[in-house]
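Single-structure report; data block below.
Bear in mind that the values in this text are calculations on the coordinates, not laboratory data. Source: prediction; values computed, not measured.
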Amino acid sequence: MTRFKSFKSHPATQLVIAAIRRYVMAFGMAIIPLSCLRVLLLRSCGVRVGKGCYIGFNVICDTNYAELITIGDHVTISHHTAIYVHTESPAESPLSALYKQVRPVTIENGAWIGAGCIVLPGVTIAQDCMVGAGSVVAKSTEPSSLYAGNPCKKIKTLSLGLHSNT
Ligand SMILES: CC(C)(COP(=O)(O)OP(=O)(O)OC[C@H]1O[C@@H](n2cnc3c(N)ncnc32)[C@H](O)[C@@H]1OP(=O)(O)O)[C@@H](O)C(=O)NCCC(=O)NCCS
């Protein structure tokens, strides 16, 4: 058992696990027809996903540290959005020594990320926050607000009232 544990925690083994996850996720998220099955795929790759979520086609979650991505309840992540938790490169260079960071991403209950967004390491997308299509989310957001653009900025506060589902 101990031997198996140390095998699993070996850096080379982790790279292989990440590569398999990357392949399975990229392929699966492109062809699996139902959101509920795409949710299962994300969970099986290590992403924490709450209940009642909609996950679009070709949503990609960072497979190197999938466990650091937390998606709350009733979250929508539209097609072609990518969520990254690491800034690291296996290529040895001055840049890869300078930029070496792993930071978790949290998407809180009721948030909706539009199609084709990029969510960067360390970001928390707050409860009931809407992120417009094609945005790059570099900083954490406030709840019940619309953000859009690259880098995305707050556009307005949303009055959700009774329409909020969380
Ligand atoms: C954000 C969105 C919902 C519009 O919300 P809205 O409350 O109607 O906002 P408005 O259209 O009034 O836009 C408000 C401002 O934000 C800007 N804006 C809206 N969406 C934007 C986006 N995705 N990127 C950049 N700016 C955007 C508008 O140009 C406008 O700017 P202005 O005030 O300078 O004119 C819509 O633009 C959007 O991105 N929808 C997501 C589509 C999608 O992903 N579909 C897949 C579904 S699974």
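Overview of results
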{"read-out": "Gyration tensor verdict on region 72-166 (Cα atoms; rounded if a/c is under 1.5, prolate if a/b is larger than b/c, oblate otherwise)", "value": "prolate"}
{"read-out": "Under Karplus coefficients 6.51, -1.76 and 1.60, residue-wise ³J(HN,Hα) of region 128-143 in Hz, glycine/proline x", "value": "6, 8, 9, 10, x, 4, x, 7, 10, 9, 9, 10, 5, 10, 8, x"}
{"read-out": "Bridge type composition, region 47-120 - antiparallel percent by DSSP, nearest 5", "value": "15"}
{"read-out": "Kyte-Doolittle mean at least 0.0 and Cα axial length at least 20 Å: DSSP H helices in the chain", "value": "11-31"}
{"read-out": "Anisotropy class of region 7-157 from Cα gyration tensor, a/c 1.5 cut", "value": "oblate"}
{"read-out": "The chain, helix-only ellipticity at 222 nm - DSSP H runs n ≥ 4, -39,500 (n - 2.57), divided by all residues, nearest 500", "value": "-8000 deg cm²/dmol"}
{"read-out": "Euclidean distance between Cα centres, region 99-166 to region 66-89, Å", "value": "11"}
{"read-out": "DSSP beta bridges in the chain [antiparallel fraction, %, rounded to 5]", "value": "20"}
